[in-house]
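These notes are about the structure you will find just below.
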Amino acid sequence: MTTVIAGISGAIGQALAERYLAQQPEQPVIGLCRHPEQVTGELRRNPALHLLPWRAAEPIEPSVKASLSEVLASSGGVHNLIYTAGLLHDRQMFPEKRLEDLDSQHLMRAFEVNCIGFGVLVQALAPWFRGRQLTRVAAVSAKVGSVTDNQLGGWYAYRCSKAALNMMVKNLSVELPRRYGPIACVALHPGTTRSALSEPFAQSLAKLTVHTPEQTALNLYRVMSNVSEADNGRFISWDGSDLPW
Ligand SMILES: NC(=O)c1ccc[n+]([C@@H]2O[C@H](COP(=O)([O-])OP(=O)(O)OC[C@H]3O[C@@H](n4cnc5c(N)ncnc54)[C@H](OP(=O)(O)O)[C@@H]3O)[C@@H](O)[C@H]2O)c1
């Protein structure tokens, strides 16, 4: 049972890797992120973890492809793929409050990390989905990417790129099972979680339930473990309930 976690350097990605390694200690976890050398602590020392460099929306380097192939050939392919990379803000960009804040460069970067990166990673790994066992493919999306749920507006780049990610999930949920055997491809809402991504909003989030990354990882691990072929194409919240697209 090999699990690939893209964005393992993030709060949710790291906690998920720790959860998978704790629940399934003998099973390999492949962790992808921009700076594997910055992943530290117990996680780094776990012999079942394979850390590899990867940047969202960029082609996977040949040496990384070779390392991926080596691990996947000996473990029988990908059984779980969880895309946790995401971009809401950084030094240059901050969630837009109104139309005047729209910036094409920021929009493009958000689409690259939040949507395109998932699509091209699935494209690269799909040949490793083959097998009789169910492959679970999940994109960590966000409730604010729901078109139906959008009452407040704002956050253009994040909302639009997560809505696009949701469509990517839906499309893949149609094509992947036809071509690669039993697959459930889903979008997940992790719930509000303490992380660098949510940090600037800590004050306004005070009224909401904010989970630790470890709680979120446990919630998502439970959801993922229960995902069956019948769940293919769902947008699932951290508690297992359905979210509207
Ligand atoms: N936290 C919440 O309340 C919340 C709520 C709803 C949805 N989410 C979603 O949950 C996911 C994880 O978020 P988080 O809270 O764990 O945030 P985080 O700690 O800020 O992690 C973000 C991750 O995305 C990676 N990333 C950013 N740009 C990248 C790029 N160009 N190429 C590759 N990786 C890139 C970061 O890598 P570096 O370490 O290299 O920067 C990091 O691993 C995201 O998709 C987010 O949208 C979070």
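The values are calculated or read from the model by the stated rules, or taken from the named source; none is laboratory data. Quick caveat, the model's predicted, so the values are computed rather than measured. Glycine gets a Cβ as well: all are built from the backbone with ideal geometry, and neighbour counts include every protein chain shown.
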(request) Kindly indicate the residue of segment 96-144 that is touching a residue at least 40 places away in the same chain (Cβ under 8 Å) and β-branched (Val, Ile, Thr) and also farthest from the ligand (Cβ to nearest atom) among those meeting that condition. (result) Thr135
(request) Run down Phe111, Phe118 and say which single residue is in contact with a strand residue (DSSP E or B) (Cβ under 7 Å, 6 or more places away or on another chain), aromatic (Phe, Trp, Tyr) and at negative phi. (result) Phe118
(request) Go through segment 16-61 and count every residue that is among the aromatic types (Phe, Trp, Tyr) and under 21 Å from Val113 (Cα atoms). (result) 1
(request) Restricting attention to segment 28-45, report how many residues are away from the ligand (no atom under 13 Å from the Cβ), modelled with pLDDT of 95 or more and outside any strand (DSSP E or B). (result) 1
(request) Exactly one condition in (1) touching a helix residue (DSSP H, G or I) at 6+ places or on another chain (Cβ under 7 Å); (2) touching a residue at least 60 places away in the same chain (Cβ under 8 Å) is not met by Ala48; state its number. (result) (2)
(request) Report whether or not Thr216 is surrounded by fewer than 19 Cβ atoms within 10 Å (Cβ to Cβ) and of a type outside the set (A, V, I, L, M, F, W, C). (result) no
(request) Please specify each residue of segment 66-110 satisfying the condition of being under 21 Å from Ile12 (Cα atoms) and hydroxyl-bearing (Ser, Thr, Tyr). (result) Tyr83, Thr84
(message) Just the residues that are loosely packed, with under 15 Cβ neighbours inside 10 Å and farther than 23 Å from Glu18 by Cβ, please, taken from segment 219-231.
(response) Ser228, Glu229, Ala230
(message) Any residue at all in segment 64-71 that's farther than 24 Å from Glu229 by Cβ and within 14 Å of the ligand (Cβ to nearest atom)?
(response) yes
(request) Could you please give the count of residues in segment 188-223 that are in a loop (DSSP other than H, G, I, E, B) and more than 9 Å from the ligand (Cβ to nearest atom)? (result) 5
(message) So for segment 172-184 (the condition being within 13 Å of the ligand (Cβ to nearest atom) and not acidic (Asp, Glu)), does at least one residue qualify?
(response) no
